[in-house]
1. Looking only at the range 67-82, which residues are in contact (Cβ under 8 Å) with a residue 24 or more places away in the chain, in a helix (DSSP H, G or I) and either closer than 15 Å to residue 27 by Cβ or not acidic (Asp, Glu) (or both)?
2. Looking at this structure, is residue 40 among the polar types (S, T, N, Q), at pLDDT 95 or above and in contact with a helix residue (DSSP H, G or I) (Cβ under 7 Å, 6 or more places away or on another chain)?
3. Go over the candidates 100, 85 one by one and state the one that is at pLDDT below 95 and assigned to a helix (DSSP H, G or I).
4. Looking at (1) surrounded by fewer than 15 Cβ atoms within 10 Å (Cβ to Cβ); (2) closer than 18 Å to residue 101 by Cβ, which is the only condition residue 64 fails?
5. Suppose the filter is farther than 27 Å from residue 103 by Cβ and modelled with pLDDT of 95 or more; does residue 52 pass it?
6. Can you find a residue that is at pLDDT 95 or above and within 14 Å of residue 72 (Cβ to Cβ) anywhere in the range 13-35?
Amino acid sequence: MRTLLGTVLVLLFNLSTLSAQSGDSYSTLYNDAIRQIDQQHYLEARTLLSKAIVQKSDFAEAIFARGTCSLMLKEWDLACADFEKSAALNWKPAHEYIEKYCGKDSYGRKVNKSKK
């Protein structure tokens with residue numbers, strides 16, 4: 001799971017075209033959230049990402065990152081909902097996560113069923 005998070009962080013940093021400028025608060029929130037993810041503070045990061053998404057509802061990168069936070073918190077349904085939203089916004093990495101964690105027989109669903 002940690003390797004997965006490392007891959008996500010690299011993807012988010014490399015593919016992000018955001019520049020943190022004053023007055024561009026959704027990008028500041030996003031960048032702050034990425035720092036929280038790097039410190040494994042997933043709940044705090046998810047809160048920051050949610051605030052960024054309120055300001056920019058089509059922010060696919062933030063929606064995907066929020067999904068990865070939910071994934072790390074083992075909140076599969078929230079993660080999958082965000083992966084679906086980011087995929088609908090053409091965020092390509094989301095499709096792999098949907099397949100791996102959100103399908104009927106996926107890892108996430110199997111773990112989620114075993115908790116019940």
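1. Of all residues in the range 67-82, those in contact (Cβ under 8 Å) with a residue 24 or more places away in the chain come to 67-74, 76-77, 79-80.
If we keep only those that are in a helix (DSSP H, G or I) as well, we get 67-72, 76-77, 79-80.
Once the filter is applied, which keeps residues that are in contact (Cβ under 8 Å) with a residue 24 or more places away in the chain, in a helix (DSSP H, G or I) and either closer than 15 Å to residue 27 by Cβ or not acidic (Asp, Glu) (or both), the range 67-82 yields 67, 68, 69, 70, 71, 72, 76, 79, 80.
2. On the way: among the polar types (S, T, N, Q): yes; at pLDDT 95 or above: yes; in contact with a helix residue (DSSP H, G or I) (Cβ under 7 Å, 6 or more places away or on another chain): no.
Considered against the rule, which asks whether it is among the polar types (S, T, N, Q), at pLDDT 95 or above and in contact with a helix residue (DSSP H, G or I) (Cβ under 7 Å, 6 or more places away or on another chain), residue 40 comes out as no.
3. Working: 85 fails: at pLDDT below 95.
Testing whether each residue is at pLDDT below 95 and assigned to a helix (DSSP H, G or I) leaves just 100.
4. Residue 64 satisfies all of (1) surrounded by fewer than 15 Cβ atoms within 10 Å (Cβ to Cβ); (2) closer than 18 Å to residue 101 by Cβ except (1).
5. Values: farther than 27 Å from residue 103 by Cβ: yes; modelled with pLDDT of 95 or more: yes.
So residue 52 passes the test.
6. Yes, the conditions are met somewhere in the range 13-35.
The values are calculated or read from the model by the stated rules, or taken from the named source; none is laboratory data. Nothing here was measured: the structure is a model prediction, and the numbers come from that model. Neighbour counts run over all protein chains shown; Cβ positions are idealised from the backbone, glycine included.
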